Structures are given as structure tokens and as C-alpha cells.
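First the structure, in the form of C-alpha cells, and then the observations on it.
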Amino acid sequence: MSNAPFLPYGRQILGDDDIQAVVDALKSDWLTTGPRVGLFEKAVCDYTGAKHGVAVNSGTAALHAAMYALNVSKGDEVIVPAMTFAATANSVLYCGATPVFADVSLDTLLIDIESVEANITAKTKAIIAVDYAGQPCDWDALQSLANRHNIALVADACHAIGGAYNDTSVGTLADITVFSFHPVKHITTGEGGMAVTDDELLASKMRAFRSHGITTDAHQREKEGAWFYEMTDLGFNYRITDVQCALGVSQLAKLDDWLAKRSEVAAWYDSKLNSSCAISLHKAENVRHAYHLYVVRVDDRDAVFQKMRADNIGVNVHYIPVYLHPYYQKLGYKKGLCPNAEKAYEQIISLPMWVGMDEADVDRVVSSLSA
Ligand SMILES: *Cc1c(COP(=O)(O)O)cnc(C)c1O
């Protein structure tokens with residue numbers, strides 16, 4: 001076992017200003033939904049260029065809200081990539097619909113457009129594409145496919161806030177875009193998430209959904225009395241707190257600096273690894289990569305993983321193809337469904353990638369990887 005300090009694959013950075021913002025919220029009149037929720041939503045909209053933001057208590061809740069707003073329900077199919085976190089596909093199951101797994105391209109591990117097209121049926125209601133590792137998908141191709149078949153397009157951009165495609169920011173490339181503010185992501189609220197959209201109706205549906213399906217129509221309140229509210233559909237309590245949103249606003253102000261730092265760490269890896277094993281080297285010219293993860297492909301992954309962990313380097317694997325999890329196997333999904341995702345899963349390893357790393361950390365990772 002190495003005596004070197006543990007280097008995690010990702011972690012949050014909290015400054016005194018972040019802590020002060022949280023303290024200010026705690027001292028205010030609002031703990032749960034208050035003015036900071038709207039401020040955070042507006043800040044993310046200003047940052048991404050999206051018109052409406054609905055902040056919730058996790059990225060998973062935001063995915064669920066997106067599926068709900070698009071009326072995904074029993075009998076519907078939603079196409080998702082096999083190479084993602086389980087929450088992407090789980091959000092489809094929450095609505096009683098069927099996730100259909102598309103394979104990914106071997107070089108980028110982004111959803112493969114031909115596989116998406118091959119999986120479209122009369123039941124397909126939506127596509128959720130994941131900007132894996134922070135690299136935006138081919139959104140033009142996805143959009144034209146979605147338009148041609150009249151299906152909705154959702155971006156699971158939990159890895160990609162701050163990314164861009166053809167100079168368009170992640171957040172406006174799909175009908176609904178979902179972000180996560182879990183501490184390993186770019187900015188954090190502890191737990192937290194947001195769905196952004198340009199569509200007012202989708203936004204209002206998601207807003208009701210995060211609070212029990214209750215609508216508070218100002219008109220009706222005027223007519224019926226200020227106490228009046230109506231539960232018009234079955235929603236959840238997915239509300240995020242003012243305390244969390246105070247942290248979100250404070251963190252978002254640093255995102256551009258942090259993205260620059262992530263690019264710098266990626267560039268160190270790119271130059272020092274000196275091979276094409278890095279997934280992010282297979283990057284289209286027209287994208288801005290947000291570098292949530294730095295994923296490389298190695299031959300003897302399990303041995304490399306063990307060795308790097310023994311060197312106190314917090315490597316990880318993103319991801320086990322979702323349908324290989326026992327729960328999905330019980331649902332009847334079979335091994336062999338997405339060969340590229342399964343092959344990649346045997347080889348990939350996520351190296352440490354976060355804002356607090358310096359060049360010496362990268363050297364340490366690279367020498368452990370290469371030894
Ligand atoms: C983190 C993540 C989620 C879920 O976000 P939570 O905030 O942890 O619920 C969903 N999809 C992807 C691709 C993620 O990385």
C-alpha cells in the first residue's frame with residue numbers, strides 16, 4: 001500500500017464565500033422554497049441561455065420530472081444509451097415506460113446515432129442522450145432524427161454543464177436538459193438538480209410535479225381565496241431548499257474558471273499519456289468538452305485498477321452498462337444487447353479529474369497507470 005495521500009477521482013471545492021452564502025441563507029426567513037430557488041434557476045438560465053429552469057433535489061428527480069412532463073407512460077418506449085448511470089434509464093421505469101438501450105460509439109462512448117435509429121418504433125416517445133464524460137453528443141443528428149420521427153429529445157447533461165456544440169451551450173440543444181449538482185459534478189448543492197427548457201408548458205408541468213402535482217394559479221387564488229390550491233396530478237416532493245440554492249448560486253459564479261482548470265488537467269493528461277487511449281481525444285471539432293471525467297482505455301483493466309487503488313489513486317469505472325445490473329436482468333434484458341458498451345466496460349477506467357489537482361498529481365496518476 002502506498003503512503004501517498006488518497007487522490008479521489010472527483011470532489012467538490014468549497015470556498016469561504018460558498019460557506020458564507022449558506023450561512024446567510026440559514027439566517028434568513030427561508031429554509032426550503034424561498035427566493036434563492038428562483039435566483040438559482042435564473043442564474044442557470046442566464047448561464048446556459050435556456051428560458052426556464054426548474055430546480056429539484058437531485059439530477060434523478062430532474063430526469064423523472066422531464067419524463068413526466070413529456071407524458072412518458074405505460075406502453076411508451078424511451079431510447080437511452082447503455083453506457084450511463086442507472087438513473088437515466090430508471091427515470092423511464094418510474095413512469096411505467098420501457099427503456100430501450102442504444103449502443104454507444106466505441107471511440108467516444110457517446111450514444112450511437114445508427115443504433116438510436118435502429119431502435120425507433122411506433123412506441124418511441126423520447127430519446128435521452130447523455131453527454132458522456134462532458135463531451136456533447138452529435139445534437140444535430142439527434143435533433144434531425146427526433147424531428148423526423150416526431151419524438152422528444154432530452155439531454156442528460158449531468159456531465160456537461162458549460163459544454164457547447166456548434167457554439168450553442170449545453171442547455172438549449174434538446175427539448176429538456178437535465179443537470180446534477182451532486183458533489184462529484186462540476187458545481188454542487190450537496191444533492192440537487194435542475195431541468196431547463198425553452199418550453200413554458202413543459203416547465204410548468206415540471207414545476208407542479210416537484211411539489212405533489214399542486215398548481216397554484218394566481219387567477220384561481222383571486223377567485224377562490226388566497227388559501228386556494230389544487231392538486232391536479234400525482235406529483236412528488238422533489239423540492240430543493242433555499243440553503244442548497246444559495247450554495248448553487250455561489251458555485252455557479254466559479255464554473256467558468258473551473259471549466260478552464262478541468263481543460264488544463266485534461267491537457268496535461270493528453271500530453272503525458274502520449275497515446276490514444278484517452279476517450280476524450282476522440283473529440284469532434286465543433287464541441288466544447290466540459291471534462292467531467294477523464295476516461296482511458298486499458299488492456300488489463302482489472303489489474304490496472306487494483307494497482308492504482310493500491311497506489312492510493314481513486315480510479316473508478318463509468319459505467320457498468322445499465323442493463324447488466326441484476327434489476328435490469330430480472331426485467332429480461334440480455335447480455336450482448338449493446339456490444340460496444342459491453343466491450344468498453346471491460347477496458348475503461350476513470351482517472352482523477354477535478355479542479356484541485358495540480359500537474360504533480362497528474363504525473364503521479366500517469367506514472368501509476370504506466371508502471
Ligand atoms: C449524476 C448523474 C445522474 C443523477 O444525478 P443525481 O443528482 O445523483 O441524482 C444522472 N445521470 C448521469 C449521467 C449522472 O452522471
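The values are calculated or read from the model by the stated rules, or taken from the named source; none is laboratory data. These numbers come from a predicted model, not from an experiment. Positions of Cβ are backbone-derived with ideal geometry, glycine not excepted, and every protein chain shown enters the neighbour counts. Remember, those area values only see protein heavy atoms, side chains included, never the ligands or the DNA or RNA. Shrake-Rupley method; radii C 1.70, N 1.55, O 1.52, S 1.80 Å.
Of these, 174, 164, 157, which one is among the small types (Gly, Ala, Ser) and more than 26 Å from residue 239 (Cα to Cα)?
Working: 174 fails: more than 26 Å from residue 239 (Cα to Cα); 157 fails: more than 26 Å from residue 239 (Cα to Cα).
Of 174, 164, 157, the one residue that is among the small types (Gly, Ala, Ser) and more than 26 Å from residue 239 (Cα to Cα) is 164.
Just a yes or no: is a residue in segment 215-224 touching a residue at least 60 places away in the same chain (Cβ under 8 Å) and either open to solvent by less than 10 Å² (accessible area, probe 1.4 Å) or over 23 Å from residue 68 (Cα atoms) (or both)? Walk me through how you get there before you give the answer.
If we filter segment 215-224 for residues that are touching a residue at least 60 places away in the same chain (Cβ under 8 Å), which is where we start, we get none.
Looking for residues that are touching a residue at least 60 places away in the same chain (Cβ under 8 Å) and either open to solvent by less than 10 Å² (accessible area, probe 1.4 Å) or over 23 Å from residue 68 (Cα atoms) (or both), one finds none in segment 215-224, hence no.
Quick one: which helices (runs of 4 or more DSSP H) sit completely within segment 297-357 and have at least 2 residues that are among the charged types (D, E, K, R), surrounded by fewer than 18 Cβ atoms within 10 Å (Cβ to Cβ) and more than 16 Å from the ligand (Cβ to nearest atom)?
By residue number, 301-310, 339-347.
Condition test on residue 148, is it over 25 Å from the mean Cα position of the chain (by Cα) and closer than 28 Å to residue 117 by Cα?
Working: over 25 Å from the mean Cα position of the chain (by Cα): yes; closer than 28 Å to residue 117 by Cα: yes.
It is true that residue 148 is over 25 Å from the mean Cα position of the chain (by Cα) and closer than 28 Å to residue 117 by Cα.
Scanning segment 240-272 for residues that are among the basic types (Lys, Arg) and in a helix (DSSP H, G or I), which turns out most open to solvent (accessible area, probe 1.4 Å)? Lay out the reasoning, then the answer.
If we filter segment 240-272 for residues that are among the basic types (Lys, Arg), which is where we start, we get 254, 261-262, 272.
Now restrict to residues that are in a helix (DSSP H, G or I): 261-262, 272.
Numbers: 261: 48, 262: 7, 272: 63 Å².
Checked segment 240-272; the qualifying residue most open to solvent (accessible area, probe 1.4 Å) is 272.
Taking into account only those residues within segment 187-218 that are out of contact with any strand residue (DSSP E or B) (no Cβ under 7 Å at 6 or more places or on another chain), hydrophobic (A, V, I, L, M, F, W, C) and modelled with pLDDT of 95 or more, which is nearest to residue 19 (Cα to Cα)?
Selected residue: 187.
Tell me which helices (runs of 4 or more DSSP H) are completely within segment 21-129 and hold 3 or more residues being away from the ligand (no atom under 16 Å from the Cβ) and surrounded by fewer than 24 Cβ atoms within 10 Å (Cβ to Cβ), or say none if there are none. Before you say what the answer is, go through the steps one by one.
On the way: elements: 35-48, 59-69, 86-94, 113-118.
Helices (runs of 4 or more DSSP H) meeting the threshold: 35-48, 113-118.
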